[in-house]
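First up is the structure itself, then whatever we jot down about it.
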Amino acid sequence: MTANTADGKEIYNTERHYHTQATDCRTNKMLYGAQVKTQYIRDTALQPYETKAETFEIFLPEGVRTVDVTVSLRYEINKPDNFIEIAKVSRTVSLDR
């Protein structure tokens, strides 16, 4: 998710990852692979037809009242550079009523 001012300056950028998280019984380090005996400790994966609500707090610089927010949902295949974009939404958000 990114937020830009009206002149295009990026003021906020963050990523969230949704997947199962596995570890072994000896450490709390995340592990994957057939060679490691693991157990799932947490599952943040997105399930089919499940609604997930997220909250982002963006602290705006002095004098900025309007930002352009872009949110992208991507499926990453093996590497972060190799992905399929599932959805992308852009909105202009204003503090003025």
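The values are calculated or read from the model by the stated rules, or taken from the named source; none is laboratory data. Note that this is a predicted model, so its numbers are computed, not measured. Here the Cβ positions follow ideal geometry from the backbone for every residue, glycine too, while neighbour counts run over all protein chains shown.
Brief remarks follow.
- Residue in the stretch 1-36 that is modelled with the lowest pLDDT, counting only those that are in the same structural domain as E85 (by TED's automatic domain parsing) and among the hydrophobic types (A, V, I, L, M, F, W, C): A6
- Taking the stretch 38-97 as the range and being within 14 Å of Y12 (Cβ to Cβ), among the aliphatic types (A, V, I, L, M) and out of contact with any strand residue (DSSP E or B) (no Cβ under 6 Å at 6 or more places or on another chain) as the test, the residues that pass are L60, V64.
- Residue count for the stretch 59-97, restricted to those that are assigned to a loop (DSSP other than H, G, I, E, B) and surrounded by 10 or more Cβ atoms within 10 Å (Cβ to Cβ): 3
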